[in-house]
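In what follows, a structure is listed as structure tokens, so that the remarks can point back to it.
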Amino acid sequence: MSIRERLSGNEAIATAMRQINPDVFAMFPITPSTEIPQYYAQYVADGRVDTEFITVESEHSSLSACLGAEAAGARAVTATSSAGLSYMNEVLYVAASSRLPVVLAVACRALTGPININHDYSDSMAERDSGFIQIYGENNQEVYDNYLQAHRIAEHPDVRLPLMVCEDGFITSHAIENIELEDDEAVKKFVGEYKPENYLLKKENPLAVGPYGVSGYYMEARVAQAQAMKNAKKVILEVAADFEKTFGRKYGFFEEYRMEDAETAMVIMGSSAGTAKACVDELRAEGVKAGLVKIRVFRPFPGEELAAVLSKCKAVAVMDKSEGFSACGGPLFAETAGACINLKDRPQMIDIVFGLGGRDFTVEAARSVYKRLEGIAAGGETGPVYTHMGQREA
């Protein structure tokens, strides 16, 4: 039976971790994810978990310790943000290529520079091609639910890839919301025990982890890793279906909001989707056929499924909360546009970079996006495909 509670996103993640009781938590603090290991340290001190809680000297070390634990056959977790995630860069690739299913909680925060501690996705998007599965939550409930599903996805024999559970720094990490927590025993039963097939301490089957990949084998290893990411799509849906059956809350690759007859649509991620949904409701009340797609799973990217939904629209705005510095748009736009390129009937598509470094996103701002889309849908010019919104003009 679900338990009603009020928690921040960070405490929701720490609670999910406590319920799962991983073997190892290697920690190094960085704002705004610091509360996660703080809460967990208290659980350790109170004897509520039997996790080996390791304090290390850097984020690079925290993920490295998790890799050693996973290679030995243990379930390992950690948390980070922003420059901490960047400092892990080398080890992120090692984790994915070594097929070690570490679960990493990321409270997404703008990257330097200039120095900024507020939310955007520049940190997680900078690591989008590291080989990690990436799942994003709109609110604290989704963050908690995503974490409960994470280990089953990452540890599945057909996947065996590390996974990032991403929340919005401060917006969801620190804000307190009403959420439904599940019973500890129900969570343990749903997640299950980690039972790796091969690991360093399995004396019956000696093996090496992370060996040198000579050119005669490197590409085959990469292809196998790429196939595992493809396999993750099926596993994500299977775990979500079991989660809905067990706990009653439904998840997929993305959420379609009022898309049944939408002529214009916004593609967006995270907490900003809540603001945009309020705008969609207002527009629908005025007779405007507006809709929204909120991306939950960014890696593996659900390109085929997203293209099928957007194909019914006349105009689409992709909202990027990180700058790609490609001179032609952000990362979410690149993925979405690429997914739609072979559609017979493609919507007109624009990219809007917004909310960098915590810049506010309002219902009125969302309304201005839909107004532009209405003009495009009515046969008007697309105008600049790649623009920014919310910045002070010179």
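Readers should treat all values here as calculations from the given coordinates under stated rules, not as data from a laboratory. On a predicted model such as this, the values are computed, not experimentally measured, just so you know. Reconstructed Cβ throughout: ideal geometry from the backbone, glycine too, with neighbour counts over all protein chains shown.
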Legend entry - With Cα atoms, 0 to 90° folded angle of helix 215-247 axis to the chain main axis: 80
Inset, instruction - Starting from the Cα of Asp158, step 7 Å toward the Cβ, then list every residue of the range 232-255 with an amide N under 13 Å from that point. - result: 232-240
Inset, instruction - Compute the long axis of helix 9-20 from its Cα atoms, compare it with the longest principal axis of the Cα atoms of the chain, and write down the angle in degrees, 0 to 90, nearest 10. - result: 40
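How large is the charge dipole for the chain, taken about the Cα centre, if only the Cβ atoms of Lys, Arg (+1) and Asp, Glu (-1) carry charge, to the nearest 20 debye?
Numbers: 39 positive and 55 negative charges, 141 e Å.
It works out to roughly 680 debye.
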Inset, instruction - Name the residue farthest towards the positive end of the dipole of the range 1-138 from the options Asn116, Pro37, Thr15, assuming +1 on Cβ of Lys and Arg, -1 on Cβ of Asp and Glu, about the Cα centre. - result: Thr15
Legend entry - Inter-probe distance in nm under a simple model that places probes 7 Å from Cα toward Cβ, at Lys203 and Ala241: 4.2
Inset, instruction - List, in order, the whole-Hz ³J(HN,Hα) value for each residue of the range 266-277 obtained from phi through the Karplus relation with A = 6.51, B = -1.76, C = 1.60 and θ = phi - 60°; use x for Gly and Pro. - result: 10, 10, 8, 10, x, 5, 4, 4, x, 5, 5, 4
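Which chymotrypsin sites (Phe, Trp or Tyr not before Pro) in the range 137-227 sit in a loop by DSSP (not H, G, I, E or B) and have at most 10 other Cβ atoms within 10 Å of their own Cβ?
Details: sites: Tyr144, Tyr147, Phe170, Phe190, Tyr194, Tyr199, Tyr212, Tyr217, Tyr218; in loops: Phe170, Tyr194, Tyr199, Tyr212.
The qualifying sites are Tyr212.
Figure the gain on full extension for Asp46 and Asp183 (residue separation times 0.36 nm, minus the Cα-Cα span) and round it to one decimal in nm. Please list the in-between numbers first.
On the way: separation 137, 0.36 × 137 = 49.32 nm, distance 1.90 nm.
Here the segment from Asp46 to Asp183 would lengthen by 47.4 nm.
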Inset, instruction - Working from Cα positions, state the angle (0 to 90°, nearest 10) between the long axis of helix 59-71 and the longest principal axis of the chain. - result: 60
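Calculate, in nm to one decimal, what Cys328 and Tyr212 gain on full extension: separation in residues at 0.36 nm each, minus their alpha carbon distance.
Working: separation 116, 0.36 × 116 = 41.76 nm, distance 3.71 nm.
Working it through step by step, the gained length comes to 38.1 nm.
Full-extension gain between Asn342 and Glu393, please, as 0.36 nm times their residue separation minus the C-alpha to C-alpha distance. Please report the intermediate quantities before stating the final value.
Numbers: separation 51, 0.36 × 51 = 18.36 nm, distance 3.66 nm.
Extra length from Asn342 to Glu393 when fully extended: 14.7 nm.
Please tell me the relative contact order of the chain in percent, rounded to the nearest whole number, where contacts are Cα pairs under 8 Å and at least six residues apart.
Dividing the mean separation by the residue count of the chain yields 16 percent.
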Legend entry - Point-to-point label distance, Gln227-Val56, nm (Cα→Cβ direction, 7 Å offset): 3.0
Inset, instruction - Specify the residue with the greatest mean-square fluctuation among Val44, Val103, Val191, computed from a Gaussian network of the chain linking alpha-carbon atoms under 10 Å apart. - result: Val44
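Roughly what percent of Cα-Cα pairs across the range 254-389 reach past 27 Å? Don't skip to the answer; put the middle values down first.
Details: 822 of 9180 pairs.
Counting pairs separated by more than 27 Å, the tail of P(r) holds 9 percent.
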Inset, instruction - Identify, among Leu283, Ala241, Ala265, the residue whose Cα sits farthest towards the positive end of the charge dipole of the range 153-292, taking +1 on the Cβ of Lys and Arg and -1 on the Cβ of Asp and Glu, with the dipole about the Cα centre. - result: Ala241
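If the only charges are +1 at each Lys and Arg Cβ and -1 at each Asp and Glu Cβ, what is the size of the charge dipole of the range 321-394 around the Cα centre, to the nearest 20 debye? Can you show the working numbers first?
Details: 8 positive and 9 negative charges, 14 e Å.
About 60 debye.
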Inset, instruction - Count neighbours as other Cβ atoms within 10 Å of each site's Cβ, and list the trypsin sites (Lys or Arg not before Pro) in the range 297-394 that are DSSP loop with at most 10 such neighbours. - result: Lys344, Arg392
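I'd like the GluC sites (Glu not before Pro) in the range 199-259 restricted to DSSP loop residues with at most 12 other Cβ atoms within 10 Å, sorted by number. Write down the numbers at each step before the final one.
On the way: sites: Glu204, Glu220, Glu238, Glu244, Glu255, Glu256; in loops: Glu204.
In loop regions of the range 199-259 (DSSP not H, G, I, E or B), the sparsely surrounded GluC sites (Glu not before Pro) are Glu204.
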